[in-house]
Amino acid sequence: MINLPSVSGQKRKQKRPTIIDPSNLDEFVSELTDQEAIELFYDWHTWGRVNQQVPVEEDWWTIWMILAGRGWGKTRCGAEFVRYHVERGLAGRVALIAEDAGDARDVMVEGESGILAISHPGCRPTFVPSKRRLEWPNGAIATIYSDADPEALRGPQHDLFWCDELAKYKNPDLIWSNLMFGLRLGQKPRGCVTTTPKPIPIIRKLVDDPRTLVTTGTTHENFSNLAPTFRDEIISEYEGTRLGRQELYAELIDPEDYGIVKRDWFRLWSADREFPEFVYILQSYDPAYTDKTINDPTACSVWGVFKPSDDKPMSVMLIDCWEDFMIYPDLKSKMIEEYDSVYGEPGKKVDQVLIEEKASGLSLIQDLQRSGIPVRGYNPGRADKTQRLALIANIIERGRVYVPESTLKRGQPRDWAEKLISQICSFPESERDDLIDTTSQALRLLRDMSLITVDLPRDNDDLYVDETQPRRINPYAI
């Protein structure tokens with residue numbers, strides 16, 4: 001599990017004691033005037049738990065991030081966050097962001113814990129669906145945005161935002177960058193993120209950001225307000241499971257904990273040893289679709305086949321890898337330049353260049369073949385990334401894949417190799433997966449060429465065995 005930072009190293013002020021005695025609530029309320037009852041009903045400071053209050057006593061944060069389990073009260077906190085700032089004149093232009101416009105309307109605006117439901121009648125906004133916005137009597141405006149259209153946030157300015165269920169977004173990085181560029185109004189622009197945690201890169205990045213105030217909570221904290229069937233059925237079914245840890249206890253689980261490939265499967269080649277003599281060098285490429293695919297770089301990994309020692313089988317070492325955003329002519333020139341590289345001791349030239357057959361890869365294969373470079377295409381067929389990685393996972397698990405050890409951080413891979421290892425071990429939650437493709441196709445080809453042999457054939461010369469060897473008894477036999 002990823003350890004979350006403390007809220008700020010400082011203690012929050014404790015919530016002031018309430019004058020309401022829960023055991024005598026009915027009698028207390030019956031003595032209130034209508035106006036007093038209304039004021040009490042909309043007083044979040046009275047009803048909310050300590051960790052649900054807007055952290056106004058803290059001044060250092062820019063983002064209040066609430067990572068909490070299902071049913072904890074995240075939506076109510078987000079709505080109260082907006083209400084607090086708008087009613088006090090601290091915000092005038094608010095962004096409300098959800099996975100889609102329907103979620104923003106149904107949950108954030110019109111939901112049981114949404115802005116309309118929790119707002120005081122004296123300062124309740126009007127929802128204007130045609131304009132996708134809320135309008136308050138004091139002139140403040142909140143506009144709805146969705147993950148389906150990140151570009152809509154390019155241009156508008158805000159002094160406050162509420163982003164709901166960020167971990168579910170398909171374009172979280174683009175949404176976030178556009179949102180931050182527009183958070184430039186007022187003296188202290190701020191935002192609130194309410195989400196059940198998933199270990200995606202943007203969530204991990206925000207948790208580690210020193211400007212983020214993180215509040216965590218579990219489903220159990222709000223049991224008294226949840227339906228008995230939810231407590232009895234949902235909780236009991238998922239208690240103790242990975243999904244339960246994430247959805248009920250709001251644990252930010254390290255993606256490597258449940259990856260297909262484990263980090264300790266990779267073998268380190270000591271920094272004190274020279275690179276070995278390689279018998280075969282393979283450069284493996286995963287080209288970007290087009291130069292306009294800004295979030296999809298071209299990736300390359302270079303693999304050398306060698307024998308670690310006389311008593312060990314043939315293995316493979318990662319000897320280089322990189323990612324870069326390149327247009328086609330520059331990529332072609334770089335691939336020709338990379339082909340002329342020499343690796344190991346004594347120097348070994350590249351034997352084969354492997355390129356995935358998709359989009360620009362098809363043209364690259366043809367052009368490089370005309371240049372006299374030994375290049376071949378790789379067609380994964382209908383296998384998705386998960387299947388392709390699973391097919392070569394046993395090669396890594398058997399200790400046949402080496403990576404160079406860092407000269408500065410002993411016991412750790414070199415920084416450029418760490419990028420590839422992190423992608424593979426974090427899959428399918430890794431930030432990028434381009435180096436994964438270069439790895440899976442390279443190791444599969446080397447295995448198919450019998451340069452790496454993992455499952456050795458069994459010796460079946462003796463068709464009969466002596467009496468000392470154990471017999472297996474069929475437990476179902478009569």
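The values are calculated or read from the model by the stated rules, or taken from the named source; none is laboratory data. These numbers were taken from a predicted model, which means no experiment stands behind them. Cβ: placed from backbone, ideal geometry, glycine included. Neighbour counts: every protein chain shown. Areas reflect the complete protein model, heavy atoms only, side chains present, ligands, DNA and RNA absent. Shrake-Rupley method; radii C 1.70, N 1.55, O 1.52, S 1.80 Å.
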Subject >> Complete set of residues in segment 88-128 that are β-branched (Val, Ile, Thr), in contact with a Lys or Arg (Cβ under 7 Å, 6 or more places away or on another chain) and in contact (Cβ under 8 Å) with a residue 60 or more places away in the chain >> reply: Ile118
Original post:
Which numbered condition trips up Asp43, out of (1) open to solvent by less than 50 Å² (accessible area, probe 1.4 Å); (2) closer than 29 Å to Glu239 by Cβ; (3) at pLDDT 90 or above?
Top reply: (2)
Original post:
Do we have Leu446 as open to solvent by 60 Å² or more (accessible area, probe 1.4 Å) and either touching a Gly at 6+ places or on another chain (Cβ under 9 Å) or in contact (Cβ under 8 Å) with a residue 40 or more places away in the chain (or both) here?
Top reply: no
Subject >> Enumeration of residues in segment 395-418 that are buried (at least 19 other Cβ atoms within 10 Å of the Cβ) and under 22 Å from the mean Cα position of the chain (by Cα) >> reply: Ala417
Original post:
In segment 304-315, is there at least one residue being without any contact (Cβ under 8 Å) to a residue 60 or more places away in the chain, open to solvent by less than 20 Å² (accessible area, probe 1.4 Å) and assigned to a loop (DSSP other than H, G, I, E, B)?
Top reply: no
**OP:** Report yes if some residue within segment 107-130 is under 22 Å from Ala227 (Cβ atoms), touching a Cys at 6+ places or on another chain (Cβ under 6 Å) and not aliphatic (A, V, I, L, M); otherwise report no.
**Re:** no
**OP:** Could you list, in sequence order, all residues of segment 124-157 that are in contact with a Ser or Thr (Cβ under 8 Å, 6 or more places away or on another chain) and within 29 Å of Pro201 (Cα to Cα)?
**Re:** Ala152, Pro156
Original post:
Condition test on Pro189, is it open to solvent by less than 10 Å² (accessible area, probe 1.4 Å) and either without any contact (Cβ under 8 Å) to a residue 60 or more places away in the chain or closer than 21 Å to Met65 by Cβ (or both)?
Top reply: no
Original post:
Out of the residues in segment 225-280 that are among the polar types (S, T, N, Q) and open to solvent by less than 80 Å² (accessible area, probe 1.4 Å), which is farthest from Leu206 (Cα to Cα)?
Top reply: Ser270
Original post:
For segment 95-123, which residues satisfy the criterion of being assigned to a helix (DSSP H, G or I), under 19 Å from His45 (Cβ atoms) and open to solvent by 10 Å² or more (accessible area, probe 1.4 Å)?
Top reply: Ala117, Pro121, Gly122, Cys123
Subject >> Whichever residue in segment 192-249 is of a type in the set (Gly, Ala, Ser) and touching a helix residue (DSSP H, G or I) at 6+ places or on another chain (Cβ under 8 Å) and, among such residues, is farthest from Phe427 (Cα to Cα) >> reply: Gly217
**OP:** Among the residues of segment 46-67, write down those that are part of a loop (DSSP other than H, G, I, E, B) and either surrounded by 16 or more Cβ atoms within 10 Å (Cβ to Cβ) or in contact (Cβ under 8 Å) with a residue 40 or more places away in the chain (or both).
**Re:** Gly48, Arg49, Gln53, Val54, Pro55, Glu57, Glu58, Trp60, Trp61, Thr62
Subject >> Selection within segment 68-86 - open to solvent by 40 Å² or more (accessible area, probe 1.4 Å) and modelled with pLDDT under 95 >> reply: Arg70
Original post:
Val261 is checked against (1) in a loop (DSSP other than H, G, I, E, B); (2) within 17 Å of Ala417 (Cβ to Cβ); (3) out of contact with any Cys (no Cβ under 7 Å at 6 or more places or on another chain) and fails just one. What number does that condition carry?
Top reply: (3)
Subject >> Flag if Thr195 is buried (at least 16 other Cβ atoms within 10 Å of the Cβ), touching a residue at least 24 places away in the same chain (Cβ under 8 Å), among the polar types (S, T, N, Q) and in contact with a Ser or Thr (Cβ under 8 Å, 6 or more places away or on another chain) >> reply: no
Subject >> Within segment 351-369, tally of residues that are within 35 Å of the chain's Cα centre (by Cα) and either open to solvent by 50 Å² or more (accessible area, probe 1.4 Å) or touching a residue at least 24 places away in the same chain (Cβ under 8 Å) (or both) >> reply: 13
Original post:
Is there any pair with a first residue in segment 318-338 that is in contact (Cβ under 8 Å) with a residue 12 or more places away in the chain and a second that is of a type in the set (Asp, Glu) whose Cβ atoms are under 7 Å apart and which are 6 or more apart or on different chains, and what are they?
Top reply: Glu323/Asp434; Ile327/Asp291; Tyr328/Asp291; Lys332/Asp367
Original post:
Within segment 419-446, can you find the residues that are assigned to a helix (DSSP H, G or I), within 13 Å of the chain's Cα centre (by Cα) and more than 16 Å from Val401 (Cα to Cα)?
Top reply: Ser426
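Here is a yes/no grid of residues against (1) of a type outside the set (Asp, Glu); (2) at pLDDT 90 or above:
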| site | (1), (2) |
| --- | --- |
| Val375 | yes, yes |
| Ala383 | yes, no |
| Arg398 | yes, yes |
| Val401 | yes, yes |
| Pro404 | yes, yes |
| Glu418 | no, yes |
| Pro428 | yes, no |
| Arg432 | yes, no |
Original post:
Taking into account only those residues within segment 385-394 that are under 18 Å from Leu354 (Cα atoms) and out of contact with any Lys or Arg (no Cβ under 8 Å at 6 or more places or on another chain), which is modelled with the highest pLDDT?
Top reply: Leu389
